[in-house]
Amino acid sequence: MRITEADLTPIEAKLVAAARAIRPRAYAPYSGYTVGAAAADENGGIHVGANMEGVDYTLTVHAEQHTMNAMRLATDARAVALAFAVQSPAEAPAPCGICRQRIREFAASLSIPIVAVNLDERLEILRINRYPFDLLLPNSFGPENIGK
Ligand SMILES: [Zn+2]
């Protein structure tokens, strides 16, 4: 669902700014695909992450996963929104499957907004898409699947 900056809620606007701000801290010398992400928790806290690659590629941690881990280190509160910023040739960049499952683990609900920001070559906002999380990961695997 494409939206504009004017459509962002105040917390989403903060997350977009935080994701854009942290993106230069990504460590992606191999792919060159740098991603910044930010999540808001139920108490208003904001947590950030960026992708971190390793030369063997298997040690790579993605920005959204990094953000969820940072949030968990800081608080027991769950995520109420997440934004990420990237320069992608895709019309609508989206989190990978691993990150979707990690978001699932710490999301306050299955319908939290995921805001995807695509930046242009000047690092200005080119496109914004907002998805309810359960659109990205329908019928997801959660604690109920193992009786928890
Ligand atoms: Zn990912």
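Of everything in region 62-88 that's assigned to a helix (DSSP H, G or I) and within 13 Å of the ligand (Cβ to nearest atom), which residue is nearest to the chain's Cα centre (by Cα)? Ranking the candidates gives GLU64 first.
Conditions tested, residue by residue: (1) away from the ligand (no atom under 15 Å from the Cβ); (2) over 25 Å from PRO138 (Cα atoms); (3) polar (S, T, N, Q).
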| residue | (1), (2), (3) |
| --- | --- |
| GLY36 | no, no, no |
| GLU42 | yes, no, no |
| ILE46 | yes, yes, no |
| ARG100 | no, no, no |
| VAL117 | yes, no, no |
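If you go through region 38-47 one residue at a time, do you hit one that is crowded, with 22+ Cβ neighbours inside 10 Å, within 16 Å of ALA18 (Cβ to Cβ) and of a type in the set (Asp, Glu)? No, there is no match, as no residue in region 38-47 is crowded, with 22+ Cβ neighbours inside 10 Å, within 16 Å of ALA18 (Cβ to Cβ) and of a type in the set (Asp, Glu). If ALA21 passes every condition in (1) surrounded by fewer than 23 Cβ atoms within 10 Å (Cβ to Cβ); (2) closer than 22 Å to LEU123 by Cβ; (3) free of Cβ contacts under 8 Å to residues at least 40 places away in the same chain; (4) within 13 Å of the ligand (Cβ to nearest atom) but one, which one does it miss? For ALA21, the exception is condition (4). For the criterion of being exposed (fewer than 14 other Cβ atoms within 10 Å of the Cβ), outside any loop (DSSP other than H, G, I, E, B) and out of contact with any strand residue (DSSP E or B) (no Cβ under 9 Å at 6 or more places or on another chain), GLU121 fails.
Restricting GLU91, GLU105 to those that are in a loop (DSSP other than H, G, I, E, B) and of a type in the set (D, E, K, R) reduces the list to GLU91.
Among the residues making up region 38-61, those that are assigned to a strand (DSSP E or B) and not hydrophobic (A, V, I, L, M, F, W, C) are ASP41, HIS47, GLY49.
Using the structure shown, decide if LEU59 is without any contact (Cβ under 8 Å) to a residue 40 or more places away in the chain and of a type outside the set (Gly, Ala, Ser). Yes, satisfied.
We did not get these values from a lab; they are worked out from the coordinates using the rules stated. This is a predicted model, so every value here is computed, not measured. Positions of Cβ are backbone-derived with ideal geometry, glycine not excepted, and every protein chain shown enters the neighbour counts.
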